[in-house]
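Every number in this text was worked out from the coordinates using simple rules, so none of it is lab data. These numbers were taken from a predicted model, which means no experiment stands behind them. Counting neighbours? That spans all protein chains shown, and the Cβs are built from the backbone with ideal geometry, glycine included.
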Amino acid sequence: MNYFLTEEQQMIKDLAAKIADEKIAPVAIEYDEEGKFPHDIVKILADSDLCGVYVPEEYGGLGGGTFEMALVVEQLSRACGGIALAFAGTGLGAFPILLFGNDEQKKKHLPDIASGKKLAAFGLTEANAGSDAAGIQTKADLDGDHYVLNGTKQWITNGGEADIYTVIACTDKTRGARGFSAFIVEKGAPGFSFGKKENKMGIRASCTAELVFEDCRIPKENLLAKEGMGFIVAMKTLDRTRPGVAAQALGIAQGAFDAAIKYARTRVQFGQTIDSFQAIQHMLADMSIQIEASRSLLYQTCRHIDSGAKHISKESAMCKVMASDTAMKVTTDAVQILGGYGYMKEYPVEKMMRDAKITQIYEGTNQIQRNIIALELIKEQISR
Ligand SMILES: Cc1cc2nc3c(=O)[nH]c(=O)nc-3n(C[C@H](O)[C@H](O)[C@H](O)COP(=O)(O)OP(=O)(O)OC[C@H]3O[C@@H](n4cnc5c(N)ncnc54)[C@H](O)[C@@H]3O)c2cc1C
């Protein structure tokens, strides 16, 4: 299918694909088993200028948007969904600054993100506030020229590895979600430490950790936007980064499909390669249909977002649901096509099946995405 990428987009895609094939695929299983963070791959991405594809040129990036970010995430995820997350998780941490940072905050942080010198992370979730993000307890109290943060964020991607954290905390308990504010917290801030590092089912090359704030003092200039806008910062960020999850899911699905068709062409049973059995052919056809449909919706959503469209929540949620449900189905079918070999760690598809699952869960579960889509559909009906 021709997706009519611009020359620059095609170059970005090809470069990311080359890194995925030559540098990531050979180490993906090892990094998964050891739960090793991909510092060396981040360095390769940085040296290739890919870290800043979505950062404006004035802050040292390539000036692309959601689409360019998705193209990179998709290609890297074809080889390893976990390694790709060092890049995608940084996007999640960077977007609040891109969208709501003032010029000083952008000048201070975006060039380091664009050059790959620093990784970023986004801290919203807490032990008792997942889907119900309005239930967060971490608080930030203004004390002279500083905010003082107290609380713990859970399951934060790039936690401990990133230098720049955008954190949502409560500045006014009486106002519910309207009392939340967003802050930039740098690694090394007094009172900021890292807690439990998670041992996960999949995306094991990604680091997922607790952020602990104990009387953590940050300059009041680290407030993003205004007090009370934290929930909006979080929701508008997620609208722009969910296509990144869709791209991760799509890449994982494509990687599993590629492995499955290659295997089906060489595995002989009953005196013929298994790709001659119609049962296998139909599975391959269905996998391919789902992948292409996900890619079409993702790319079109990215174009919609990058055009500056005002309403993007529904489209963003739709492409995340579509691609992540596809990733789960396609990777499961890929294991089936490889039979017992698919269940073994020597072959890549069991890892892909484990990696795919998270895409249905984080940045809002697919149940929550369906709630968002339905709400937007109803709003559209009412306003007609
Ligand atoms: C590996 C990993 C990395 C993560 N990275 C980050 C990160 O970088 N930053 C960050 O802030 N967070 C991160 N998260 C948190 C993630 O976004 C949450 O796990 C997710 O939003 C779901 O919250 P929960 O796990 O508490 O599930 P819960 O909210 O407890 O949900 C449990 C189940 O109930 C369902 N459910 C809940 N409410 C409803 C409802 N209203 N309608 C229908 N069904 C409902 C859910 O869909 C789910 O199936 C990460 C999580 C993981 C596992």
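Trypsin sites (Lys or Arg not before Pro) within the stretch 1-78: which are DSSP loop residues with at most 16 other Cβ atoms inside 10 Å? Could the numbers behind the result be given before it?
Details: sites: 13, 18, 23, 36, 43, 78; in loops: 36.
Passing both the DSSP loop test and the Cβ count: 36.
Of the residues 353, 287, 11, which exhibits the maximal mean-square fluctuation in a Gaussian network model of the chain defined by a 10 Å Cα contact cut-off?
11
With θ taken as phi - 60° and the coefficients 6.51, -1.76 and 1.60, list the Karplus ³J(HN,Hα) couplings across the stretch 365-373 in order, rounded to whole Hz; mark glycine and proline as x.
4, 5, 5, 5, 4, 5, 4, 4, 4
Treat every Asp and Glu Cβ in the chain as -1 and every Lys and Arg Cβ as +1, leave all other atoms uncharged, and give the resulting dipole magnitude about the Cα centre to the nearest 20 debye.
760
Just grab the label-to-label distance for residue 43 and residue 128, each label 7 Å out from Cα along the Cβ direction, in nm (one decimal).
Placing both labels 7 Å beyond Cα along the Cβ direction yields 4.4 nm.
Taking Rh as the Kirkwood radius computed over C-alpha pairs, what is the Stokes-Einstein D of the chain at 25 °C in a medium of viscosity 0.890 mPa s, expressed in µm² per second? Each step should come with its number before you reach the end.
Numbers: Rh = 21.2 Å.
Taking Rh from Cα pairs, D becomes 116 µm²/s.
For a quick check, take a GNM of the chain with Cα springs below 10 Å and name the residue from 227, 22, 210 with the largest mean-square fluctuation.
The residue that fluctuates most here is 22.
For the stretch 262-314, what ratio Rg/Rh do Cα atoms give with a Kirkwood hydrodynamic radius?
Reported Rg/Rh, Kirkwood definition of Rh: 1.34.
Please report the Cα spread of the stretch 142-224 along all three principal axes, rounded to whole Å, starting with the longest.
Computed over the stretch 142-224, the largest-to-smallest principal extents equal 41, 27, 19 Å.
Helix 81-100 versus the longest principal axis of the chain: what angle, 0 to 90°, nearest 10, using Cα atoms?
Helix 81-100 sits roughly 30 degrees off the main axis of the chain.
Once the Cβ-Cβ distance between residue 292 and residue 143 is put in as r, and R0 is 56 Å, what FRET efficiency do you end up with, to the nearest 0.05?
Once rounded, the FRET efficiency stands at 0.55.
Counting other Cβ atoms within 10 Å, which GluC sites (Glu not before Pro) in the stretch 336-373 have at most 14 and lie in a DSSP loop?
Passing both the DSSP loop test and the Cβ count: 346.
So what's the back-of-envelope 222 nm ellipticity for the chain, counting only DSSP H runs of four-plus at -39500 (n - 2.57) apiece and dividing by all residues, rounded to 500?
-17500 deg cm²/dmol
Highest GNM mean-square fluctuation, the chain, Cα pairs closer than 10 Å: which of 160, 135, 255?
Between 160, 135, 255, it is 135 that shows the largest mean-square fluctuation.
Looking at the stretch 109-197, send over the antiparallel percent of its DSSP beta bridges, to the nearest 5. Let's see the in-between values first.
Numbers: 13 of 18 bridges.
Counting only bridges with both partners in the stretch 109-197, antiparallel ones make up about 70 percent.
For the chain, take the longest principal axis of its alpha carbons; what is the angle in degrees between that and the long axis of helix 103-115, to the nearest 10 within 0 to 90?
Value to nearest ten degrees: 30.
Which loop trypsin sites (Lys or Arg not before Pro) in the stretch 308-380, with loop taken from DSSP, have no more than 13 other Cβ atoms within 10 angstrom of their Cβ?
310, 345
For the chain, calculate the relative contact order in percent as a whole number, restricting contacts to Cα pairs under 8 Å that are 6 or more residues apart. It would help to have the intermediate numbers written out before the result.
Working: 781 pairs, mean separation 65.1, N = 384.
Relative contact order, the chain: 17 percent.
I'd like the FRET efficiency for residue 150 and residue 36, computed as 1/(1 + (r/R0)^6) with the beta carbon distance as r and R0 of 30 Å, rounded to 0.05.
That pair, residue 150 with residue 36, gives E of 0.40.
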